[in-house]
Structure formats: C-alpha cells, structure tokens
Amino acid sequence: MRILVTNDDSISASQLLPLIRWCLKLGEVTTFVPKFEQSGKSHSFQIQHPFEVKQVALAPDVTVW
C-alpha cells in the first residue's frame, strides 16, 4: 500500500515522526510537509510563484520532502 503523509504544521511538528513510523508498518510512505507552519494558508496559495522542494532526513530511516 502507498501512503501519502502531509500536514500544514511544518517539518518540526511533534506528531509527524510517530505518524510516519506507524504508517511504515502498513506500506510505502511518501511525506510532503512545509518548512514552516502554514496553518490557514490554503486560501492564499499561489502557483504563480516558484517554491523549492528538498529531500530531508527527518530520522536515519525516515526521509521527507
């Protein structure tokens, strides 16, 4: 099973790593999260401005984008 994990609370959200590790028991996990908290930002999201996507090791066995 393929699982997508995402949030708007940022990569530093305390619940992110436990959630990813739990999902890894169920299948392949891909995670996309913002660098900084983006709560309430969905109404101002603009696709005209470029944004950067980086691969980051959240833990030795967990990679997020």
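The values are calculated or read from the model by the stated rules, or taken from the named source; none is laboratory data. From a predicted model like this one, the values you see are computed outputs, not experimental measurements. Positions of Cβ are generated from backbone atoms using ideal geometry, with glycine treated the same way; all protein chains shown enter the neighbour counts. We work out accessible area using only protein heavy atoms, side chains counted, and drop any ligands, DNA or RNA first. Shrake-Rupley method; radii C 1.70, N 1.55, O 1.52, S 1.80 Å.
So here's what we get for this one:
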{"read-out": "Stretchable slack from Glu37 to Arg21, in nm (0.36 nm times residue separation minus alpha-carbon distance)", "value": "3.6 nm"}
{"read-out": "Estimated vicinal HN-Hα couplings, Hz - region 13-20 in sequence order (Karplus 6.51, -1.76, 1.60; Gly, Pro = x)", "value": "4, 5, 8, 5, 4, x, 5, 4"}
{"read-out": "Approximate spin-label separation Gln48-Ser14, in nm, with each point projected 7 Å along Cα-to-Cβ", "value": "4.0"}
{"read-out": "Percent of beta bridges antiparallel (DSSP, the chain, rounded to nearest 5)", "value": "40"}
{"read-out": "Ellipticity estimate at 222 nm from DSSP helix runs (n ≥ 4, -39,500 (n - 2.57)) divided over the chain, nearest 500", "value": "-4000 deg cm²/dmol"}
{"read-out": "³J(HN,Hα), Karplus 6.51/-1.76/1.60, whole Hz, each residue of region 54-62, x for Gly, Pro", "value": "10, 8, 10, 7, 6, 8, x, 10, 10"}
{"read-out": "Amide H partners (placed H, <5 Å) of Thr31, local residues excluded", "value": "Val5, Trp65"}
{"read-out": "Along principal axes, Cα extents of the chain, largest first, whole Å", "value": "37, 22, 20"}
{"read-out": "Rounded accessible area of Asp61 (nearest 10 Å², 1.4 Å probe)", "value": "100"}
{"read-out": "5 angstrom amide H check on Asp9, placed H, neighbours 5+ away", "value": "Gln38"}
{"read-out": "Integer Hz, Karplus 6.51/-1.76/1.60 couplings in order for region 33-39, x for Gly and Pro", "value": "9, x, 5, 10, 4, 10, 4"}
